[in-house]
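**Q** I'd like to ask some things about the structure below.
Any read-out appearing in this document is the output of simple, stated calculations on the displayed coordinates, not a laboratory observation. As the structure is a computational prediction, the values presented were derived from the model and not from experiment. Don't worry about glycine lacking a Cβ; one is built from the backbone with ideal geometry, like all the others, and counts go over all protein chains shown.
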Amino acid sequence: MLKHEIKDGKLVVYLEGRLDVSVANEVEEGLMDLIDNGGHRKVLLNMKDVEYMSSSGFRACISTLRKLNSKEGALKISNIKPAVKRIFDVIELTSLFDIHESEEAALRSF
């Protein structure tokens, strides 16, 4: 199960480690469950403890974004480490996601 909590009525999910093919499906399924069965529409992915993301990790994030968009929800991302941010930039996904420096800034932006 994904580590998460509710803050100001928003779901904050704390991702950690390597988001690669070995864990991406589990992360994606956990996020879909929280959205579909938990009724959450405003989701923040806090990535302060994510060391690496593969294409599988990005797929999980994009899938979550699409799911929330289909439900008129919103996805924010915060606390991306510079190495992971560079990957977002290289594959040109920075503009697709609403990315914030801190969890507090992301929560205020909903």
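**Q** Could you pull out every residue, at least 5 positions away or on a different chain, whose amide H is within less than 5 Å of the one on S78? Hs are placed 1.01 Å off N in the peptide plane, and Pro or chain starts have none.
**A** So S78 has HN proximity to L45, N46, M47, H100.
**Q** Which GluC sites (Glu not before Pro) in segment 67-110 sit in a loop by DSSP (not H, G, I, E or B) and have at most 13 other Cβ atoms within 10 Å of their own Cβ?
**A** Working: sites: E72, E92, E101, E103, E104; in loops: E72, E92, E101.
Passing both the DSSP loop test and the Cβ count: E72, E92, E101.
**Q** Explain nothing, just the number: relative contact order of segment 2-106, from Cα pairs under 8 Å at least 6 residues apart, as a whole percent.
**A** On the way: 168 pairs, mean separation 28.2, N = 105.
Reported as a whole number, the value is 27 percent.
**Q** What's the local net charge at E104, with K and R +1, D and E -1, over the other residues with C-beta under 13 Å away? Let's see the in-between values first.
**A** Numbers: positive: K7, K10, K48, K76, R108; negative: D8, E101, E103.
For residues surrounding E104, the net value is +2.
**Q** To the nearest µm²/s, what D does Stokes-Einstein give for segment 2-106 at 37 °C and 0.692 mPa s, using the Kirkwood radius over alpha carbon pairs as Rh?
**A** Details: Rh = 13.5 Å.
Estimated diffusion coefficient is 243 µm²/s.
**Q** Under the Karplus relation 6.51 cos²θ - 1.76 cosθ + 1.60, θ = phi - 60°, what is the ordered set of whole-Hz ³J(HN,Hα) values for segment 66-83, x standing for Gly and Pro?
**A** Along segment 66-83, the couplings run 4, 4, 5, 4, 5, 10, 6, x, 8, 10, 10, 10, 9, 6, 7, 5, x, 5 Hz.
**Q** Can you list the HN-Hα couplings for segment 53-61, worked out from phi with the Karplus curve (6.51, -1.76, 1.60; θ = phi - 60°), rounded to whole Hz and with x for Gly and Pro?
**A** Ordered by residue, 3J(HN,Hα) equals 10, 9, 4, 5, x, 5, 4, 4, 5 Hz.
**Q** Separate question: Could you name the lysines whose alpha carbon sits less than 19 Å from that of K10, not counting residues in the same chain fewer than 8 places away?
**A** Counting by Cα, and skipping residues close in sequence, K10 has these lysines nearby: K42, K48, K67, K71, K76.
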